[in-house]
Structures are given as C-alpha cells and as structure tokens.
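> One structure is given below, represented as structure tokens, and several questions about it will come after.
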Amino acid sequence: MADKAKRQAQRPQSRRPRVRHNVTAAIGADICGGRFPPGTVLPRESDLCETYGVSRTVIRESLKVLETKGLVHGRPRVGTLVLDRSEWNVLDAQILEWMGPDVLSAELLSSILEARRTVEPAAAFLAASRATAQEIADLERACDEMGDAEGDLEAFTAADTRFHETLLKASHNKVFHQLSSIIHAALSHALHASNRASGKRDEALGVHRELVDALRMRDGTRAETCSRNILDLAARDLSGLIGKAG
C-alpha cells in the first residue's frame, strides 16, 4: 500500500516539469512566430488545452511563465493579451530562441550595438586599472581560442562572447558584472551575426589582442580606444544585415 502511494506521488512530479516546459516553449514560439500577434487575445484556456494537449493547470502555469517574460498579460473578463514587442524581455535566452530569424531584426541588432557602445568602452577603461592578472590571462586565452577557431563560426563566436563577458567582469564594477550575465544571450546572438557577416575575422582578432595588450600595460585610454575600434568593426559588419533586416 505504501509502495503504491509512493509511486502515485512520484508519477506527476517526474513528468510535469517537462510537459510545462514544452508547452511554455510551444506557446512562446507561436507568439514570437506571429501565430498570436501582439494586441490579440489568446484563445480560451479550454481551447489552448485542446491545441496543446495538456490540462488547464499546465496551461495556467505556462502562461504565468510567459507573463514574467513580458510576452502576455492576463486581464480579468478579457483574457490573456499578447503584449507589444516593446514589452518583451529580449535579453531572455528563450525569447531570443523563439524569435528565430527575427533575432536579426534591425531594431534589436541596433539596440544591442548601442548598449555595447555605452558600456564596453567604459568597462575597458576601468579594467585597465582593475583587472587581475588572471582576468587578463583569461582574455588572452579567449583571443587564442578565437584564432584557433579558424573557419568554425560557432567556436569563434563562443570565444568572442567569453572575451566580452570577461571584459565586463574585469572592470570590477558591480553593475557591469551583472550585465555580463544578463546580456549573455543577446550578446552571443549579436556577435554571431557580426562574425558571420564579416569576411575579415583576423582584423577583429587583431583589435581584440590590442585591447589585451593595453590592459596589460594598464593604459586605460588606449584600452577604451581599442574597445571603440572593436565596436566600429562590429557596426561595419552588421550594416549590411541591419539594412536587409530593416
């Protein structure tokens, strides 16, 4: 009897998280993909249950998750409203995944570049006086991995992302440190886009190495300039994509 009760208690707990995750992803992808456009009201719970083949409880839990991401908002006597894209948390890794090709929208790429232009040069300047020897070594290792990646775009972008996250942390500014975690997914997508568009990754790698050298020499002005040069290259490489996306 005790064994039966134990099995019954374990059964829903072992399946429910996966089901909820899958349904959350399915509804999120349908919203981001345009099946449920901004400004519209989602179908009734009973219809969503039928569409996604799950219970009302799973639907409600999934909608709560989507509400925390800024995709929807429940309103009494109205239903669940799909919010405007300006309300979406575009730094959320799942939302970026659900957006698919729309990640490369002109507005989003431009916004990420603007944010980087505001933050990264200042972080580089601070890192020149605050970075530890280990952090400088980590930045140099990231450069080496970018060089070793050769034609492997994914490996190059992964190392490039680590470089810029480490740079923010090396500033030893608490806000910049937090940003390195918050913008990870968006930064990775933006770097992937610019690296894919670039026909001269060696040029970008050279400027990254110059920045590491400036940090090693504790030259804040030069480090800041190198950071701006990196971002200028990114803007140049993204210009074609932004033009097409716009």
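> Cut-off 19 Å, label point 7 angstrom out along Cα-to-Cβ of K174: give me the residues of segment 108-142 whose amide nitrogen falls inside.
Residues passing the 19 Å test: 123, 126-127, 130-131.
> How much of the accessible area of the chain, in percent, comes from carbon and sulfur atoms when a 1.4 Å probe is used?
51
> Might you tell me the accessible area per residue for the chain, computed with a 1.4 Å probe and given in Å²?
54
> Evaluate the distance, in nm, between pseudo-label points positioned 7 Å from the Cα of A93 and of S46 along their respective Cα→Cβ axes.
Taking the simple label geometry, A93 and S46 are separated by 3.9 nm.
> Further question on the same structure: Of the labelled options [x] 1.25; [y] 0.95; [z] 1.11, which one gives Cα Rg over 2.2 N^0.38 Å as computed for this structure?
[x]
> Next question. Around A185, under 13 Å between beta carbons, what's the net of Lys plus Arg minus Asp minus Glu among the other residues?
Value of the local net charge: -2.
> At 0.36 nm per residue, and after removing the present C-alpha to C-alpha distance, how many nm does the segment from R228 to D102 gain when stretched out fully?
42.7 nm
> Let me ask you something else. Pairs of alpha-carbon atoms within less than 8 angstrom and 6+ residues apart define the contacts here; what relative contact order does segment 123-163 have, in percent?
It rounds to 36 percent for segment 123-163.
> I want to check the label-to-label distance for E154 and A26. Put each point 7 Å from Cα in the C-beta direction and report it in nm to one decimal.
Here the answer is 2.7 nm between the modelled labels.
The values are calculated or read from the model by the stated rules, or taken from the named source; none is laboratory data. This is a predicted model, so every value here is computed, not measured. Cβ atoms come from the backbone with ideal geometry, glycine included; neighbour counts cover every protein chain shown. Accessible surface is based on the protein model in full, side chains and every heavy atom, while ligands, DNA and RNA are left aside. Shrake-Rupley method; radii C 1.70, N 1.55, O 1.52, S 1.80 Å.
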